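Peer 1: Before anything else, here's the structure in question.
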Amino acid sequence: MKLYSTNNKDLRVSFKEAVFNSFPIDKGLYMPVEIPQLSSDFIKNIDRYNFQEIAFLVTQAFLGNEIPEEDLKKIIEEVINFEAPVVPLSNELGVLELFHGPSLAFKDFGARFMSRIMAYLSDKNDKTLDILVATSGDTGGAVAQGFLGVKGTRVTILFPKGKVSEIQKLQLTTNGQNIRALEVDGTFDDCQSMVKEAFNDPELNENFNLTSANSINISRLIPQTFYYFHAYAQALRQNKKSINFVVPSGNFGNIGAGLLAYKMGLPVQHFIAATNINDTVPRYLQSGVFTPKSSVQTLSNAMDVGNPSNWVRIMQLFNNDLQKIKEMVSSTSFTDEETLSGIQELYQQYNYIACPHTAVAYLGAKEICNAQEFTIFLSTAHPCKFIDVYSNYLKNEIQIPTQVKELENKTSLAHPLKNEFIELKKFLLNN
């Protein structure tokens, strides 16, 4: 598998290099030189395959013979050891639940795949792999769980002070071992900017073997395609054939993976990227002008991204043709007030409790839902992670998973950090 930089298609690297050196030297993002096409026979009969079989075949299409078949199967068995069910709410509407993994968020798929791939590809003589990750809430928890105790790795998580939920903070700060958390006095965009600057700093790169676990890393994108194929297989079993996906979107890695699956041959009618008031992409699709802005804190905090870095990948998938993107992708935004109404409506109409991000996706699904098609909206996190959002009645209805209850008895440790790159650099060099 060869990959190129979105800033220079002549800059080509191997899969291993793209995994361990997340950023190209020209500050672009890595994309596959060739997008593999899955056979029409596989797509037609995909409902005969289970989740692990689908994940294996999709990964094999990307990697070819880079990882022997038996080794790759073992990796997939470890990564996909929990389900991602499509729960039908009506004849026209279903919800794809992606929160059944260890950190209770969709990012478990990418983080677990990445940690196993890195462990497999890493040379025994390589120095410690330092993984930097910026998080708006869920990424850090998933990465922490994915890499906890993995030999030869050290994870440093940057998260914005006061802008993650209490449970999210506990998932970031109670791991110990090879996981450490930095509480940045700023926004997610600030955290992400500091991480990017670290990758471009000569002194840090001389002293450390740096890589990223954010969705900028190509090994995060590949496994996120798995559940789109799996959702389609489930829809076929429910006699649904014309499918739309609605994706709650912040940094646009999740919907980017869905569009990558579409380019590989997955039959999808349309995608909707549902955002909160951090609406850079909805505005772009309306005006044709991409104007990032500072992120604003909302109830759906994992989507509080003002400058979504993965959008450039989506542009590349459509050869930077805005009209072609608009034919396949719509985007719409919702306020916190509308999000709360969506949560209430889902419960009243379907007896379903959704996290704020899922409620945003539901609101987007309402705009496209019709009797001729089956619309699947993605549920990206367990509602217990945002318990303070709900009314007292709904709080009592939410079942708290065992792993969340156990967090409350653990010691929380976070290092406070000023919103300045030099402070991050000092921390890394001194610790």
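The values are calculated or read from the model by the stated rules, or taken from the named source; none is laboratory data. Small disclaimer: the values here were computed from a predicted structure and weren't measured. Neighbour counts run over all protein chains shown; Cβ positions are idealised from the backbone, glycine included. Just the protein is used for accessible areas: all its heavy atoms, side chains included, with ligands, DNA and RNA removed. Shrake-Rupley method; radii C 1.70, N 1.55, O 1.52, S 1.80 Å.
Peer 1: Looking at Phe252, is it buried (at least 22 other Cβ atoms within 10 Å of the Cβ), closer than 18 Å to Ser22 by Cβ, of a type outside the set (S, T, N, Q) and in contact with a helix residue (DSSP H, G or I) (Cβ under 9 Å, 6 or more places away or on another chain)?
Peer 2: Taking the combined requirement at face value, the residue satisfies it.
Peer 1: Collect the residues in segment 185-240 that are within 29 Å of Ser379 (Cα to Cα), modelled with pLDDT of 90 or more and of a type in the set (Phe, Trp, Tyr), keeping them in residue-number order.
Peer 2: Matches in segment 185-240: Phe226, Tyr227, Tyr228, Phe229, Tyr232.
Peer 1: Tell me, please, whether a residue that is out of contact with any Phe, Trp or Tyr (no Cβ under 7 Å at 6 or more places or on another chain), open to solvent by 20 Å² or more (accessible area, probe 1.4 Å), of a type in the set (D, E, K, R) and not in a helix (DSSP H, G or I) can be found in segment 165-181.
Peer 2: yes
Peer 1: Go through (1) over 20 Å from the mean Cα position of the chain (by Cα); (2) touching a residue at least 12 places away in the same chain (Cβ under 8 Å) for Gln348 and report which single condition fails.
Peer 2: Tallying (1) over 20 Å from the mean Cα position of the chain (by Cα); (2) touching a residue at least 12 places away in the same chain (Cβ under 8 Å), Gln348 fails exactly one: (2).
Peer 1: Tell me, which helices (runs of 4 or more DSSP H) lie completely within segment 271-339 with 2 or more residues that are more than 21 Å from the chain's Cα centre (by Cα), over 26 Å from Asn8 (Cβ atoms) and free of Cβ contacts under 8 Å to residues at least 24 places away in the same chain?
Peer 2: Counting at least 2 such residues, we get 280-287.
Peer 1: Let me ask another. Taking the stated definitions as given, is Phe82 open to solvent by less than 40 Å² (accessible area, probe 1.4 Å) and touching a Ser or Thr at 6+ places or on another chain (Cβ under 9 Å)?
Peer 2: Here the answer is no, as Phe82 does not meet what is asked.
Peer 1: Within segment 2-15, restricting attention to residues that are open to solvent by less than 30 Å² (accessible area, probe 1.4 Å) and among the aliphatic types (A, V, I, L, M), which residue is nearest to the chain's Cα centre (by Cα)?
Peer 2: By that ranking, first place goes to Leu3.
Peer 1: Turning to a different aspect of this structure: I'm checking my understanding of the structure. Among residues of segment 16-41 that are part of a helix (DSSP H, G or I) and not aliphatic (A, V, I, L, M), which one is least open to solvent (accessible area, probe 1.4 Å)?
Peer 2: Looking at residues that are part of a helix (DSSP H, G or I) and not aliphatic (A, V, I, L, M), I get Phe20.
Peer 1: Please work out if Ala144 is in contact with a strand residue (DSSP E or B) (Cβ under 9 Å, 6 or more places away or on another chain), surrounded by 24 or more Cβ atoms within 10 Å (Cβ to Cβ), aliphatic (A, V, I, L, M) and not in a loop (DSSP other than H, G, I, E, B).
Peer 2: Yes: the conditions hold for Ala144.
Peer 1: Open to solvent by less than 10 Å² (accessible area, probe 1.4 Å), at pLDDT below 95, of a type in the set (Gly, Ala, Ser) and closer than 18 Å to Phe229 by Cα: is that true of Gly94 in this structure?
Peer 2: For Gly94, the condition - open to solvent by less than 10 Å² (accessible area, probe 1.4 Å), at pLDDT below 95, of a type in the set (Gly, Ala, Ser) and closer than 18 Å to Phe229 by Cα - is not met.
Peer 1: Between a residue in segment 406-431 that is free of Cβ contacts under 8 Å to residues at least 60 places away in the same chain and any residue that is of a type outside the set (Gly, Ala, Ser) and surrounded by 13 or more Cβ atoms within 10 Å (Cβ to Cβ), which pairs come within a Cβ distance under 7 Å, given they are 6 or more apart or on different chains?
Peer 2: Matching pairs, first to second residue: Glu423/Leu417.
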